[in-house]
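As structure tokens, the structure follows; a few thoughts come after it.
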Amino acid sequence: MNDIAKTGSLAPAQAPTGQLDAFWMPFTANRQFKAAPRLLARAEGMHYYTPEGRQILDGTAGLWCVNAGHCRKPIVDAIAQAAGSLDFAPTFQMGHPKAFELSRRLVELAGKPFNHVFFCNSGSEAVDSALKIALAYHRVRGEGQRTRFIGRERGYHGVGFGGISVGGIAGNRKMFGPMLPGVDHLQQTWNPQEMAFSRGQPAWGAHLADELERIVALHDASTIAAVIVEPVAGSAGVLVPPVGYLERLRAITEKHGILLIFDEVITGFGRVGKPFGWQRFGVTPDLYTTAKGINSGTVPMGAVFAREGLYEAFMQGPQGAIEFAHGYTYSAHPLACAAALATLDVYRDEGLLERVGELDKHWEDALHSLKGVRNVIDIRNVGLMGAIELEPRPGAVGARGFDVHVKAFFEEDLLVRFTGDILALSPPLIVSRNQIDEIVERLRRTLERVE
Ligand SMILES: Cc1ncc(COP(=O)(O)O)c(C=O)c1O
């Protein structure tokens with residue numbers, strides 16, 4: 001191990017070590033990482049352990065996904081059992097019992113009006129699947145001219161071409177040439193003058209949804225297939241919807257026959273205090289995407305939930321015709337299904353999908369106690385999601401956020417995520433009040449040390 005890794009000091013990047021070089025790491029500054037590797041070797045409950053055995057408090061549920069906590073025995077056992085009994089089964093023109101059982105459990109958890117799920121293997125695939133369902137739905141109903149999508153600035157919808165087209169993060173788009181045609185974006189909702197240090201949903205900003213009327217008027221509603229937003233923009237830094245904003249998006253889309261898609265890859269499975277974000281915010285979309293928490297991050301899986309009437313619209317034509325020409329080899333993979341069924345049991349038995357309701361005041365107070373700590377310019381929270389936004393260093397946007405991430409890891413044994421100068425927190429839903437306090441205290445000490 002090199003000196004940076006040992007001391008945590010931020011010396012200039014060194015040459016990559018040979019052992020780490022072959023892995024082209026995703027969404028990572030490869031050379032910087034390989035000069036100061038931050039390695040995780042095993043995990044249990046609320047903690048990761050480094051190869052040297054340091055215990056790291058997981059402030060981010062891995063990557064917003066390990067909602068039940070790490071290496072939970074019932075989930076581990078279910079995966080092992082599945083691997084030894086049905087390693088793979090096709091779901092194209094074939095099926096296996098756990099895929100059907102899981103679908104039933106999921107629509108039961110969602111409740112009305114959701115009655116079907118479509119499986120895939122990630123959030124990105126869930127988004128592309130939802131966009132395709134929206135296009136095809138209009139087409140099977142004779143409205144094939146509805147081909148436009150409307151996303152939102154700062155939206156993150158994964159990395160497929162559909163997802164980056166409706167997404168609104170320039171860095172994820174600019175390298176990849178023309179995006180899907182016919183996509184417009186609503187403006188993002190964060191306004192520091194009006195909402196800095198809001199607790200929960202900001203009171204200001206519902207009117208930002210009215211921009212949708214302008215875009216609809218420009219193109220004519222008859223050309224628009226769907227609007228897609230995250231109920232809470234996660235990856236761009238926990239941008240919480242203003243009170244009334246999602247309701248207005250719903251009213252406008254409904255009025256114009258436009259589908260509303262919520263991307264619940266982060267907000268799904270208990271992150272905001274109900275099984276799904278739409279339930280927490282009281283706004284029902286037509287389709288919503290999930291992944292991550294569906295099986296607590298253990299086996300890649302995603303699922304799109306469809307409202308009554310969507311699946312049914314496809315069920316026409318000859319019996320032998322494939323109604324929707326879309327799917328993945330690993331859609332409803334037996335290991336992912338087994339993991340999800342066991343995860344749903346853990347969520348149910350431990351009340352985890354509602355647990356955030358008991359913790360979110362404590363979480364909010366703990367996070368907002370960082371107001372006034374140096375460089376902190378905003379704190380945002382909803383459910384068990386939180387962001388601390390830092391003033392960028394002049395001429396070095398993102399450097400301060402990165403330094404906090406690295407120092408927290410090496411010096412405070414804390415995993416905190418950063419996007420530019422925004423720190424994001426989303427601990428597993430099993431977190432205790434003491435652990436919440438611990439996360440915030442470790443972060444406070446780190447912030448006080450970072451220039
Ligand atoms: C809202 C949202 N949609 C889609 C994705 C993409 O998911 P994946 O990385 O599993 O493809 C993410 C990932 O963070 C996300 O937060």
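The values are calculated or read from the model by the stated rules, or taken from the named source; none is laboratory data. All values derive from a computational prediction rather than experimental measurement. As a convention, Cβ positions derive from the backbone with ideal geometry for all residues, glycine included, and neighbour counts pool all protein chains shown. For the accessible areas, the whole protein counts, side chains as well, though only heavy atoms, and no ligand, DNA or RNA atoms are used. Shrake-Rupley method; radii C 1.70, N 1.55, O 1.52, S 1.80 Å.
Of all the residues in segment 312-366, those that are over 22 Å from Asn115 (Cβ atoms) and either among the hydrophobic types (A, V, I, L, M, F, W, C) or free of Cβ contacts under 8 Å to residues at least 40 places away in the same chain (or both) number 17.
On the basis of being modelled with pLDDT of 95 or more, more than 18 Å from the chain's Cα centre (by Cα), surrounded by 14 or more Cβ atoms within 10 Å (Cβ to Cβ) and of a type outside the set (Ser, Thr, Tyr), does Glu143 make the cut? Explain how you work it out, then say what you get.
Details: modelled with pLDDT of 95 or more: yes; more than 18 Å from the chain's Cα centre (by Cα): yes; surrounded by 14 or more Cβ atoms within 10 Å (Cβ to Cβ): yes; of a type outside the set (Ser, Thr, Tyr): yes.
For Glu143, the condition - modelled with pLDDT of 95 or more, more than 18 Å from the chain's Cα centre (by Cα), surrounded by 14 or more Cβ atoms within 10 Å (Cβ to Cβ) and of a type outside the set (Ser, Thr, Tyr) - is met.
Pairs are defined by a Cβ separation below 7 Å, a sequence spacing of at least 6 or placement on different chains, a first member in segment 244-269 that is closer than 21 Å to Ala126 by Cα and away from the ligand (no atom under 16 Å from the Cβ), and a second member that is at pLDDT 95 or above and charged (D, E, K, R); the pairs so defined are Leu259/Asp286.
The condition of being free of Cβ contacts under 8 Å to residues at least 40 places away in the same chain, buried (at least 17 other Cβ atoms within 10 Å of the Cβ) and of a type in the set (Gly, Ala, Ser) holds for Gly162. Restricting attention to segment 263-315, the residues that are part of a helix (DSSP H, G or I) and of a type in the set (Asp, Glu) add up to 1.
Identify, from the list Asn172, Asn115, the residue that is touching a residue at least 12 places away in the same chain (Cβ under 8 Å) and either away from the ligand (no atom under 16 Å from the Cβ) or aliphatic (A, V, I, L, M) (or both).
Values: Asn172 fails: either away from the ligand (no atom under 16 Å from the Cβ) or aliphatic (A, V, I, L, M) (or both).
Being touching a residue at least 12 places away in the same chain (Cβ under 8 Å) and either away from the ligand (no atom under 16 Å from the Cβ) or aliphatic (A, V, I, L, M) (or both) holds for just one of Asn172, Asn115, which is Asn115.
Residue selection: Val159 satisfies the criterion of being part of a loop (DSSP other than H, G, I, E, B), closer than 19 Å to Gly123 by Cα and within 16 Å of the ligand (Cβ to nearest atom).
Considering the conditions (1) of a type in the set (A, V, I, L, M); (2) touching a helix residue (DSSP H, G or I) at 6+ places or on another chain (Cβ under 6 Å); (3) farther than 14 Å from Ile228 by Cβ; (4) open to solvent by less than 40 Å² (accessible area, probe 1.4 Å), Val127 is excluded by exactly one of them, (3). Among the conditions (1) open to solvent by 40 Å² or more (accessible area, probe 1.4 Å); (2) away from the ligand (no atom under 16 Å from the Cβ); (3) under 25 Å from Val243 (Cβ atoms), Gly200 misses just one, which is (1). Before we move on, is Ala110 touching a Phe, Trp or Tyr at 6+ places or on another chain (Cβ under 6 Å), crowded, with 16+ Cβ neighbours inside 10 Å and at pLDDT 95 or above? Spelling it out, Ala110 is indeed touching a Phe, Trp or Tyr at 6+ places or on another chain (Cβ under 6 Å), crowded, with 16+ Cβ neighbours inside 10 Å and at pLDDT 95 or above.
Could you tell me which of the residues Val299, Val304 is crowded, with 24+ Cβ neighbours inside 10 Å and within 16 Å of the ligand (Cβ to nearest atom)? Please lay out each step first, then the result.
On the way: Val299 fails: crowded, with 24+ Cβ neighbours inside 10 Å.
Just a single option satisfies the conditions, and that option is Val304.
Scan segment 231-243 and give yes if some residue there is away from the ligand (no atom under 16 Å from the Cβ) and either on the phi > 0 side of the Ramachandran plot or touching a residue at least 40 places away in the same chain (Cβ under 8 Å) (or both), otherwise no. Yes - at least one qualifying residue is present in segment 231-243.
Taken over segment 123-149, residues that are away from the ligand (no atom under 16 Å from the Cβ) and hydrophobic (A, V, I, L, M, F, W, C) amount to 3.
May I ask you to verify whether Val406 is aliphatic (A, V, I, L, M), open to solvent by 50 Å² or more (accessible area, probe 1.4 Å) and farther than 12 Å from Leu57 by Cα?
Working: aliphatic (A, V, I, L, M): yes; open to solvent by 50 Å² or more (accessible area, probe 1.4 Å): no; farther than 12 Å from Leu57 by Cα: yes.
Criteria not met by Val406.
Entry remark, segment 409-447: residues being open to solvent by less than 10 Å² (accessible area, probe 1.4 Å), more than 20 Å from Gly270 (Cα to Cα) and either of a type in the set (S, T, N, Q) or modelled with pLDDT under 95 (or both) number 1 in total. Scanning segment 51-70 for residues that are within 24 Å of Asp437 (Cβ to Cβ), out of contact with any Gly (no Cβ under 7 Å at 6 or more places or on another chain) and open to solvent by 10 Å² or more (accessible area, probe 1.4 Å) yields a count of 3. Consider Phe281 carefully, then state whether it is under 30 Å from Met94 (Cβ atoms) and aromatic (Phe, Trp, Tyr). Criteria not met by Phe281.
May I ask you to list the residues in segment 375-403 that are open to solvent by 10 Å² or more (accessible area, probe 1.4 Å) and β-branched (Val, Ile, Thr)? Give the steps one after another, and end with the answer.
If we filter segment 375-403 for residues that are open to solvent by 10 Å² or more (accessible area, probe 1.4 Å), which is where we start, we get 375-377, 380, 389, 391-400, 402-403.
Selection gives Val376, Ile377, Val397.
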